[in-house]
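Written below as structure tokens is the structure these notes are about.
The values are calculated or read from the model by the stated rules, or taken from the named source; none is laboratory data. Predicted model, so just to flag it, every value in this text is computed and none were measured. Cβ atoms come from the backbone with ideal geometry, glycine included; neighbour counts cover every protein chain shown.
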Amino acid sequence: MKTDYMIIGRVRNSENILRLVHGIESKGFTCYNFLSKPASPNAADLPWEEQMAILESHPDFWNDPIHHHHFVTDMNGLKNADTIVMLLPAGKAAHMEAGVAHGLGKKMVIIGEVENPETLYLMFEERYPDIESFLNSI
């Protein structure tokens, strides 16, 4: 499904990610929301932190169908979004997603302060100190 935006960031920052998604949607834009699917479908009623602990404890990461499903749906989210927004703090996976998105030619935005900037952070065409500044710009 084609969307205007996709947010990449750390699941453990879910409160701010959801605030950003809802802010984007309140402005009439569409946004792929990776948090709309549970991290651990068999424990969907648990808090995110507990779902992540269950997901991360799977003994065979490479062959786990849940990890595979998350990979496929999130890659489709990247491919189908016009703009990718990284919300800091972000972990390794989000940084890998940023590289994929840049390689796909997506418009790249970063929100938050980069503690130790590296050259590749120049892939982000727009930078905002906080969610509100970004939302005010769209």
Report task. Would you mention how many residues in region 92-138 are part of a helix (DSSP H, G or I) and over 17 Å from ASP82 (Cβ atoms)? Result -> 14
Query raised in the report: Residue check: is ARG19 of a type in the set (D, E, K, R), touching a Gly at 6+ places or on another chain (Cβ under 9 Å), in a helix (DSSP H, G or I) and surrounded by fewer than 18 Cβ atoms within 10 Å (Cβ to Cβ)?
Result: no
Report task. Look at region 22-39 and say how many of its residues are of a type in the set (A, V, I, L, M) and in contact with a Ser or Thr (Cβ under 6 Å, 6 or more places away or on another chain). Result -> 1
**Report entry** Complete set of residues in region 101-123 that are at pLDDT 95 or above and touching a helix residue (DSSP H, G or I) at 6+ places or on another chain (Cβ under 6 Å)
**Finding:** ALA101, HIS102, MET108, ILE111, MET123
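Each row is one residue, and each column tells you yes or no for (1) free of Cβ contacts under 8 Å to residues at least 60 places away in the same chain; (2) under 19 Å from LEU35 (Cα atoms).
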{"position": "PHE71", "(1), (2)": "yes, yes"}
{"position": "ALA101", "(1), (2)": "no, yes"}
{"position": "GLY105", "(1), (2)": "yes, no"}
{"position": "GLU126", "(1), (2)": "yes, no"}
{"position": "SER137", "(1), (2)": "yes, no"}
Query - Whichever residue in region 22-60 is in contact (Cβ under 8 Å) with a residue 60 or more places away in the chain and either assigned to a helix (DSSP H, G or I) or out of contact with any Asp or Glu (no Cβ under 7 Å at 6 or more places or on another chain) (or both) and, among such residues, is farthest from GLU97 (Cα to Cα) - result: LYS27
